[in-house]
Amino acid sequence: MFKKIFSYGLLAFVPISVIGHLLGWNSTLVFVTSAIAILPLAGWLSTATEEISVVLGPSWGGLLNATFGNATELIIAIVALNAGFTGVVKASITGSIIGNLLLVMGLSMFLGGLRYKEQEFQPTMARLNASVMNLAVIAILLPTAANFTTAGISEEILQNLSISVAIVLIVVYCLTLLFSMKTHAYLYDVGKSEADDAEEKEGHPQEINLKLWISVLLGVTLLVALESELLVGTLEEATAQLGLTELFTGVILLPIIGNAAEHTTAITVAMKNKMELSVSVAVGSSMQIALFVAPLLVIIGWFMGQPMDLNFNPFELVAVAVAVLIANSISSDGRSNWLEGSLLVATYAILGFAFYFQPV
Amino acid sequence: MFKKIFSYGLLAFVPISVIGHLLGWNSTLVFVTSAIAILPLAGWLSTATEEISVVLGPSWGGLLNATFGNATELIIAIVALNAGFTGVVKASITGSIIGNLLLVMGLSMFLGGLRYKEQEFQPTMARLNASVMNLAVIAILLPTAANFTTAGISEEILQNLSISVAIVLIVVYCLTLLFSMKTHAYLYDVGKSEADDAEEKEGHPQEINLKLWISVLLGVTLLVALESELLVGTLEEATAQLGLTELFTGVILLPIIGNAAEHTTAITVAMKNKMELSVSVAVGSSMQIALFVAPLLVIIGWFMGQPMDLNFNPFELVAVAVAVLIANSISSDGRSNWLEGSLLVATYAILGFAFYFQPV
Amino acid sequence: MFKKIFSYGLLAFVPISVIGHLLGWNSTLVFVTSAIAILPLAGWLSTATEEISVVLGPSWGGLLNATFGNATELIIAIVALNAGFTGVVKASITGSIIGNLLLVMGLSMFLGGLRYKEQEFQPTMARLNASVMNLAVIAILLPTAANFTTAGISEEILQNLSISVAIVLIVVYCLTLLFSMKTHAYLYDVGKSEADDAEEKEGHPQEINLKLWISVLLGVTLLVALESELLVGTLEEATAQLGLTELFTGVILLPIIGNAAEHTTAITVAMKNKMELSVSVAVGSSMQIALFVAPLLVIIGWFMGQPMDLNFNPFELVAVAVAVLIANSISSDGRSNWLEGSLLVATYAILGFAFYFQPV
């Protein structure tokens, strides 16, 4: 019911935001309507990706999923990068990692924990994912750490270091795909069969219209790009009108819009006691951002002539380190309850305050 | 025997310190005698709290214990705050966390480990506590991190951020009480029954005189306040005479005085191979300070017109992070031996040196 | 085969480097030949140490092993310290820790993992070692942290703090020897019997000629000293000619030379599925450097009038913290696979880039 309103009803905001833009509405209004319009589109994008993946089979499907899984965020980021908002794009990378690990996982554990006294998931995968996350986060934040601890690092050195790091990360990303799809695919079977169950119970048809879904994928991708243009075009004015800093917008606002699909999925399955899947959506999405989206943006930015290094605000470094640390500490034992969920949400709230209070 | 001397004999220092004050003794002498006088009073305060808790039953008793568990430290801190020693109070917060996690837990594991080759405790609780500690410590240190990594944060912003953090922490504290006393009380049964055993074996009478213990509680609380006044009043002169910095006094000296009761309990039960209880006293006390005492002091300071933010010395941030990290790494497997205990004590010693060598 | 070339063939570089030095060859050439000459000497040094240890029995043999296990690094470091290269010596300490935890352990897990789908080792020991490493690393880096977070720490205070830390570390080192050889020796039996197996399979003779091996030990030690003189004497010019900074030489180059023996052993046994032994070589070597070699150098430097404090480059602090964090996170579950190995190697590569790009 709620889901239907979300998937179909909110689509009305696609034309509304476009009309608003054409009629020259107030920036904040266009910003808000295009933000709302992206929510159902992100949902459709991920549905289409998953449907096509099923037809393509585990290997190619997995690859498609791995590439298009964070398509909404990637599109918003490329549009913003093109418009020269490198600061906002960088902030939205850290914000997505923090949001997935703390807010998505936290709400899932909290709401799931209200229904079930204790929920379990596979600690082996949780630990391996934690190690991959640790590497990815360390790599992404290394240029910041180098810049913060050493005086006199030139912008050129930071750019070179960022590109080197980006290449290593994309290699590691390919290795994790090889690991999870080829050499150690059996480790991931538990989660996958649960995911299939989850979908089947929602009654998706066995005969899938591949062509239809490919058209949906392409059409929705275009719409997301379009709406991203409206969002990014009004970003500066709208946030100024709302009294928000660029940092807060990038770290808190944009990721909530871009990750709406993951939020919904992770929380829904957690409330059905499929914690395994819920955790893997939240952690998997963070991993994809750190290992694939972020390095890709560094390389795209370099080609686009909008060089984006990985030199973040030092407080972003603190925030990501904190998020990874507490997410590791909570997920490493393969169990969760409502208190653990609320700890994650509380950490998110505290970091949110800190970003809100950061001076421009 | 030793315990009797401690509980009764040292009470003699209560009148001694008062007389010393009235006769205008040297500050260092009054400081030392009032410090010694607080030791048995802290013991009686915690005994009275526990006795009344038993009568009140698990729920209200637990609440009383949770509120008055660190009463001595709270009283000293409020008196010091009132006298304007915000620096010392802040230092004593980090010092209490470090002291409980490293010195109390370390000595317990070391002395217990000399008697028993390997000691065990529940790793589930250890991990949940570790996660709560991580959140609390992160929250308390966040304003410091924000200030250290960002130029130009005003005192007002730090104060606002500190109050926001304090409110989130008190909410989390209430949630942990709800968790441990209501929704997941069964998880804590093991520790509790051991605690009861411990007390029973020491032969405390089944018929408890509630009125007597309430009078003791009130009387002792007054005496601790009184002695705290003497302690704080002579603090500045005494430490100057001893050649100690304010930071060293706050981080090392005061917490040893304020936590004497926890030290005694944790070590005594560890030597009786009740490691579960010993660890929960040490970690529980740190948690209470981080989740309840510290935020309460921020709020009290704000009302008292002695605004105390959570902007610590950056090295205190390092020290607390180090203490939590190593305590987590040692307690997470639910086992301990003398070497692990000595590692904790060695870390404490090294941090002690570092604080001792810090310039004013 | 490969091993024979390594052990005997490369010895030819001992006379080559000496002749090169006498004939006044280019510095880079002497540097490279003496570096290659050290590789087989380090191998013979560790073989001789082990052979003598077997005769001396577990207690004295273990002590000999613990003292001479990193003899090559110690000799190079003392020669370099004597020549006034305190910066390079400090860098080589952090470099050895990073190299052992990331490169040696990473290559072992990666190459071992290519042959065996999953490899196991004892998590109990891994965790205890991790705790000891945490303490050691914290202690070594504390003076740096104190200096970085506090303005106005004098060189004298840093020196005093470093000596205090060094003494605590050597005490802890003695305690870990006491623990592993006396009070809890049984915990280490698994690894030891595997180690014995490994040696026996390589067919070493049962009747050992003690005198012969002692002569080898003394002779090789002299040669290593000699070659270290050549290496250190040409260090400055050679690295300048190669365009490398002092930091990069110390952190990346020297440790690869000094740790060649550990590299070979750890990787060889990992490929024979003796992961237990492989991990204990890598972690054990890091522990020895942090707990014994580093503090010893501080104390030797003080006596030699070449005072060496423990105030590292802040980025070295970041690098070591990162190495310990990710090594802990990967080794704590007692299992490894090729992906985990490649994560460690990738972290090493990224840190290597960062050190390479550090300005002088």
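Structure notes:
- Burial order of peptide ranges A:146-159, B:92-105, A:216-229 (average beta-carbon count within 10 Å, highest first): B:92-105, A:216-229, A:146-159
- Mean partner shielding of peptide B:318-329, defined as the number of other chain Cβ atoms within 10 Å of each residue Cβ, is 5.
- Computed from the Cβ-Cβ distance with R0 of 35 Å, the FRET efficiency linking A:Asn273 to B:Thr67 stands at 0.45.
- Comment: the Cα-to-Cβ extended label point of A:Phe6, at 7 Å, lies 5.6, 5.6 nm from its counterparts in the other copies, nearest first.
- Mean silhouette area of the range B:94-164, derived from the convex hull of its C-alpha atoms and averaged over all directions, reads 6.3 nm².
- Remark: the range C:265-360 is approximated by an ellipsoid whose semi-axes, taken from the C-alpha gyration tensor as √(5λ), come to 29, 19, 11 Å, largest first.
- Cα lying deepest toward the dipole's positive end in the protein assembly as shown, options C:Thr347, C:Met109, A:Thr245, charges on Cβ: C:Met109
- 222 nm mean residue ellipticity, helices alone, for chain C (DSSP H n ≥ 4; -39,500 (n - 2.57); rounded to 500): -25000 deg cm²/dmol
- When B:Tyr116 is represented by a point 7 angstrom out along its Cα-to-C-beta vector, the spacings to that point in the other copies are 3.4, 3.4 nm, nearest first.
- All Cα-Cα distances of the range C:318-360, cut into 5 Å bins from zero to the largest, leave 6, 21, 28, 21, 13, 7, 4, 2 percent in each bin in turn.
- Computed over all pairs of different Cα atoms, the Kirkwood value for the hydrodynamic radius of the range A:292-332 is 11.9 Å.
- Summarising the overall dimensions of the range C:6-45 from its C-alpha atoms, the Rg and Dmax are 9.9, 28 angstrom.
- Local net charge near C:Ile326, Cβ-Cβ under 13 Å (Lys/Arg +1, Asp/Glu -1): 0
- For the range A:65-190, the calculated P(r), taken from all Cα-Cα distances in 5 Å bins from zero up to the bin holding the longest distance, is 2, 8, 12, 18, 20, 16, 11, 7, 4, 2, 0 percent.
- Rounded accessible area of C:Arg335 (nearest 10 Å², 1.4 Å probe): 90
- DSSP H segments from chain A that extend 30 Å or more along their own axis, Cα-based, with Kyte-Doolittle mean of 0.0 or above: A:27-68, A:123-149, A:155-178, A:210-242
- Exposure ranking of B:Leu291, C:Leu56 by accessible area [1.4 Å probe, largest first]: C:Leu56, B:Leu291
- Taking Cβ atoms as reference points and 10 Å as the exclusive limit, the residues near B:Ser285 contribute a net charge of -2, counting Lys and Arg as +1 and Asp and Glu as -1.
- Using heavy atoms of the protein chains and a probe of 1.4 Å, the accessible area assigned to C:Val14 is about 20 Å².
- Among the residues of B:148-158, the average count of other protein chain beta-carbon atoms within 10 Å of the residue beta-carbon is 4.
- Divide the volume of the convex hull around the Cα atoms of the range C:240-302 by the residue count and you get 100 Å³ per residue.
- Mean separation of Cα contacts under 8 Å (6+ apart) over length of chain B, as relative contact order %: 40
- Shortest-first distances to equivalent copies, position A:Asn209, nm, label 7 Å out along Cβ: 8.7, 8.7
- Within 10 Å of each Cβ in B:236-242, the average number of Cβ atoms from other chains: 0
- Gyration tensor verdict on chain A (Cα atoms; rounded if a/c is under 1.5, prolate if a/b is larger than b/c, oblate otherwise): rounded
- The equivalent ellipsoid of the protein assembly as shown has semi-axes of 44, 44, 29 Å, largest first, where each one is the square root of 5 times an eigenvalue of the Cα gyration tensor.
The values are calculated or read from the model by the stated rules, or taken from the named source; none is laboratory data. All values reported here derive from a predicted model rather than from experimental measurement. Using ideal geometry, Cβ is built from the backbone for each residue, glycine included, and neighbour counts are taken over all protein chains shown. Just the protein is used for accessible areas: all its heavy atoms, side chains included, with ligands, DNA and RNA removed. Shrake-Rupley method; radii C 1.70, N 1.55, O 1.52, S 1.80 Å.
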